[in-house]
Amino acid sequence: MGLSALETGKRALIAQRFGLDVTSNNIANANTEGYSRRAVSYSQSESLYTAGNFIGTGVLVQKMRSFREDFFDREVRNTFARQSAFLQDEKTLERIEVIMSEPTESGLNDDITKFFTIFDELALKPESLGLRDHALSLAQTVVDKFNRIGQQLKDARQEVKKELDDITGNTNRLTREIANLNLAFSANKSLSTDQSQTMFDTRAIRLEELSLNSDITVSNNEDGTVNVAMNGINVVTRNIATELEIAEEIAIPLPAPGQDPNEIESETSYKLVKRGSDGRILNTIEPDNGKFASLLKNINITLDGQDTTGEFSVFTKINQFAAKFVENVNDLTMQGYGMDDNGETPPGLNFFEPNIEGVKATALTIAINKDLKNNPRKLPLSDMPGTVGNTAIARKIARLANKFDFIEDSTYTEFYSDLIGKIGSISQEAKKSRETTDLITDQLSNQRDAIMGVNLDEEAINLIKFQQSFQAASRVVNSVDEILRTIINLGL
Amino acid sequence: MRVTISSQYSGFNRNINDLQEKINIENRKITTGKKIQELSDAPEDVVDIKRFAAKIIQNEKYLDVLGETVIELQAVDETLFNITELMNQARQKAIDASNSDANAVIMISEYIKGYLEDIVKIANSDNGGKFLYSGTVTTSNQITPIDPSSQRLPYEIVKEEGTAENPSGLRVVFHGNNEDRIINKSSSDDEVISQKSSDIFGENGEVFNSLIELINSLSYTTDGELRNADSKFTIQDMANINKTQQDLANQSKNIDMFTSRSGAVLNRLEDYKFNLTNENVRMKTYRSYKEDTDVAESVLNLKREETALQYALQVGARINTVSLFDFLR
């Protein structure tokens, strides 16, 4: 014994103090997001053959392990991607619900109904200039509502574009950070265990943040680095991150005869791309989940006023509605006579603009014909010249309220209520799906937390355990010290 | 399963959020009176509500229109009654004339002229600025008077040079037409609400012509000379008066028939109004069932969620209040 016992005590002190350090670090990081608890494992140091026996020489810190598990990390990332897509959908659809001002009693449909029904009253009192003026004022309300909805949907689309740009910037920052962490892994083989665990945790957090933007596939390399792919396209390869960007595609339709080319609204679509060094687009990334998937779907379909995919687009539907509304009313007023029209042929007055052949009105462009706007006498209600009391056109306009093929083989009320019903149901679906993924995310997070999270009672027990062992090891050193002091004093 | 600090607090946090959200929803339901706050709350109900709302707005407008039409038809009814009254009086005067002396006959002739003027005045009646008996020519500015006519009215008595057939030269000019005025009384039905001038006063204004013939017979001799105090009725005069009197009787019956027809329209419209009112009440009840808050249910839900929140907060406050560290010295 003697000096070897002192050495054994020293090793024990070092090992237990390490245990105390790890435990205190666990306690300190009990609330740190993404922190995986650490645990120390000990092993016996090699025994010495002394006096015919093998005698132990104490304890060594064998390794410090983290409780992070790839399976849970992967599942959590996948769920995060789905959850954030639904959350983003929910956010956009909630905004659309607000724009449509439904369910209220002052929605677009109610205003159109009021506009059509005023013609029932005009059929009884076509001589009333006040009533004619009121009809024009109701028409203006409809036009204003179409314009407001159109403008707000356009603004919403611009907001989505800004969000897309932000998310792209955020994605590029995250991929750069992941690549830098990869570089640290591959370049510093001599990283301490604790350092590397911290970097693992940090990288796992960055990957989770990235999965909020898009579903990703993470593959591990032998040197501890990871490759990250989005929709099968590598965005991080070891220490190289690829810059992504949102590319615009602009399609300008040919102007119709007589149409001002400046008034043509171009169709802009957006896509997430990876460019080569020469600036050419190498790949188009089409994520299935994450914010990118939701935002790209909303900007290219839901909020695209000229969508041609055939999928459900609120803005396109509203534009179709505006176009059909204008077409149906104008078809009738073109055949009508105003109060002072006595010619053999009707003056051919459109109620609404634009009235260019081949150019359809949209929610943004619909307006009342300027010739009619301040001249209610011109309102064409009669189908015979010089007979104000003939209200055939007025009655036909009023009947549009029930025209079964007003738009897409349905009445405008059916079309509109189906439209808002559809907005409601996809919004409800997004909400329910988000709630479901919330539950799954919570379950997965809890399961993962049960393995890698910190339990303070457990750490308190470890604290006592290591403290007691440290005190015991101190006592060993103290005892050996006393023994040695006694031996030394023997010779005096 | 290990329970960690994070899982305890995240679960607590989520539960509190859920409960507060539920309380907020019930609060909004109670304060707004509407159980559907957002489209996504019940999209299928919103679809129904919008369809009903459109139908209700339409029906309310039909009710307005029918209400005003009923008033107009009542005016028509009243004027037709007055016209037949005047015609009957004219007829009675014609009968009286056949038994009167020349002076009285001249006087009666003046009466008849007055009746003619009154009937024309009634024929020019309007309802809310709209002529009742001139077809689709309903306002003055649609009428351009051409000599000898001078007024912007549907009916006008003009006096021209006397002829053998019409020694008084009186004539009633009609500036309107015989087109129907029609309204939509429901989403699929319409109704003619006007009385044609040709139906009431005859294709060529026979009612007026009969009265003018009577005036001619009473005021002029068969030779076309203005009747004086010595003039005696000839057999021809008597035959003319009798025929005119008979014509007036027939025309009066004809107007009665159209008065009945107008009354039938009036009744039909009243029925429609009644049915539409009932339909609207039904639809409003259904809409209310779909969109209005069941206050009792919401208050109970609110109470339940508040109680749950209270207990959740109490239980949550105990999370980790005690750990092993509290017992270490």
Handout entry: Degrees, to the nearest 10: A:456-490 long Cα axis against longest axis of chain A
Key = 20
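A:Ala472 to B:Ser323: FRET efficiency via 1/(1 + (r/R0)^6), r the Cβ-Cβ distance, R0 22 Å, to the nearest 0.05?
According to the calculation, E is roughly 0.35.
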Exercise for the section: Mind scanning B:Lys50/B:Lys273; A:Lys396/B:Lys35; A:Lys91/B:Lys61; A:Lys161/B:Lys50; A:Lys317/B:Lys29 and naming the pairs with a C-alpha gap bigger than 27 Å? Expected result: A:Lys396/B:Lys35; A:Lys91/B:Lys61; A:Lys161/B:Lys50; A:Lys317/B:Lys29
Practice task
Work out the length of the dipole vector of chain A about its Cα centre, built from +1 on the beta-carbon of each Lys and Arg and -1 on the beta-carbon of each Asp and Glu, and round it to the nearest 20 debye.
Solution key: 1820
Practice task
Please identify which residues in the stretch A:99-135 have an amide N closer than 11 Å to a label point set 7 Å out from the Cα of A:Lys373, following the Cα→Cβ vector.
Solution key: none
Exercise for the section: Compute the convex hull volume of the Cα atoms of the stretch B:220-329, divide it by the residue count, and report the result per residue in Å³ as a whole number. Expected result: 207
Handout entry: Integer Hz, Karplus 6.51/-1.76/1.60 couplings in order for the stretch B:36-47, x for Gly and Pro
Key = 9, 9, 10, 3, 6, 5, 7, x, 5, 6, 4, 4
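Report, in debye and to the nearest 20, how large the dipole of the stretch A:1-84 comes out about its Cα centre when Lys and Arg carry +1 and Asp and Glu carry -1 on their Cβ. Could the numbers behind the result be given before it?
Values: 11 positive and 8 negative charges, 24 e Å.
The dipole magnitude comes to about 120 debye.
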Practice task
Treating the angle as unsigned and between 0 and 90°, give the value, to the nearest 10°, between the Cα long axis of helix A:193-213 and the longest Cα principal axis of chain A.
Solution key: 10
Exercise for the section: Could you give the spread of the C-alpha atoms of the protein assembly as shown along their three principal axes, from largest to smallest, in whole angstroms? Expected result: 187, 65, 33
Exercise for the section: Just grab the label-to-label distance for B:Gln20 and A:Gln306, each label 7 Å out from Cα along the Cβ direction, in nm (one decimal). Expected result: 4.6
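Considering only the other residues whose Cβ falls under 15 Å of the Cβ of B:Glu21, what net charge follows from Lys and Arg at +1 and Asp and Glu at -1?
Values: positive: A:Lys431, A:Lys432, A:Arg434, B:Arg14, B:Lys22, B:Arg28, B:Lys29, B:Arg304; negative: A:Glu90, A:Glu94, A:Glu435, A:Asp438, B:Asp18, B:Glu26, B:Glu38, B:Asp41, B:Glu305, B:Glu306.
Overall, the nearby charge balance is -2.
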Fill in the blank from the handout: Projected onto the charge dipole of the protein assembly as shown (unit charges on the beta-carbon of Lys, Arg, Asp and Glu, signs +1, +1, -1, -1), the Cα from B:Tyr133, A:Val228, B:Gln89 with the largest positive-side position is that of A:Val228
Exercise for the section: Select from B:Ser231, B:Gly263, B:Tyr289 the residue farthest towards the positive end of the dipole of the stretch B:227-289; place +1 on Cβ of Lys and Arg, -1 on Cβ of Asp and Glu, and compute about the Cα centre. Expected result: B:Tyr289
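In which sequence would A:Ile96, A:Ile483, A:Ile420 go, from the one with the fewest C-beta neighbours within 10 Å to the one with the most? Write down the numbers at each step before the final one.
Details: A:Ile96 23, A:Ile483 14, A:Ile420 26.
If I rank by nearby Cβ atoms, fewest first, I get A:Ile483, A:Ile96, A:Ile420.
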Problem - Magnitude of the charge dipole, the protein assembly as shown, Cβ model with Lys/Arg +1 and Asp/Glu -1, debye to 20 - result: 4320
Handout entry: Net charge, A:Glu458 excluded, C-beta distance under 14 Å - Lys, Arg +1, Asp, Glu -1
Key = +1
Handout entry: Peptide B:4-16, shielding by other chains (average Cβ, 10 Å cutoff)
Key = 5
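Relative contact order for chain A: what is it in percent, counting Cα pairs under 8 Å that are at least 6 residues apart? All intermediate terms of the calculation are to be shown ahead of the outcome.
On the way: 770 pairs, mean separation 112.8, N = 492.
23 percent.
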Fill in the blank from the handout: Output field shielding_mean for A:416-428 (other chain Cβ, 10 Å radius) holds 6
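Residues of A:380-391, mean number of Cβ from any other protein chain within 10 Å of their own Cβ, rounded to a whole number?
Details: counts 0, 0, 2, 0, 3, 0, 6, 10, 7, 16, 9, 6.
What the average comes to for A:380-391 is 5.
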Fill in the blank from the handout: So the angle from the long Cα axis of helix A:412-452 to the longest Cα principal axis of chain A, reported in degrees to the nearest 10, equals 0
Fill in the blank from the handout: For the stretch B:30-156, the charge dipole (Cβ of Lys, Arg +1; Cβ of Asp, Glu -1; about the Cα centre) points to a positive end, and the Cα of B:Val105, B:Tyr62, B:Pro148 closest to that extreme belongs to B:Tyr62
Problem - Separation in nanometres of the label points that stand 7 Å from Cα toward Cβ, at B:Asp96 and B:Lys303 - result: 8.4
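At most 16 other Cβ atoms within 10 Å and a DSSP loop assignment: could you name the GluC sites (Glu not before Pro) in the stretch A:1-79 that fit?
Working: sites: A:Glu7, A:Glu33, A:Glu46, A:Glu69, A:Glu75; in loops: A:Glu33, A:Glu46, A:Glu69.
Sparse-neighbourhood loop GluC sites (Glu not before Pro): A:Glu33, A:Glu46, A:Glu69.
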Practice task
Step through the residues of the stretch A:384-392 one at a time and calculate ³J(HN,Hα) from phi using the Karplus curve (6.51 cos²θ - 1.76 cosθ + 1.60, θ = phi - 60°), rounding each to whole Hz and writing x for Gly and Pro.
Solution key: 10, x, x, 10, 4, x, 7, 10, 4
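We did not get these values from a lab; they are worked out from the coordinates using the rules stated. These numbers come from a predicted model, not from an experiment. Note that we place each Cβ from the backbone using ideal geometry, even for glycine, and neighbour counts take in every protein chain shown.
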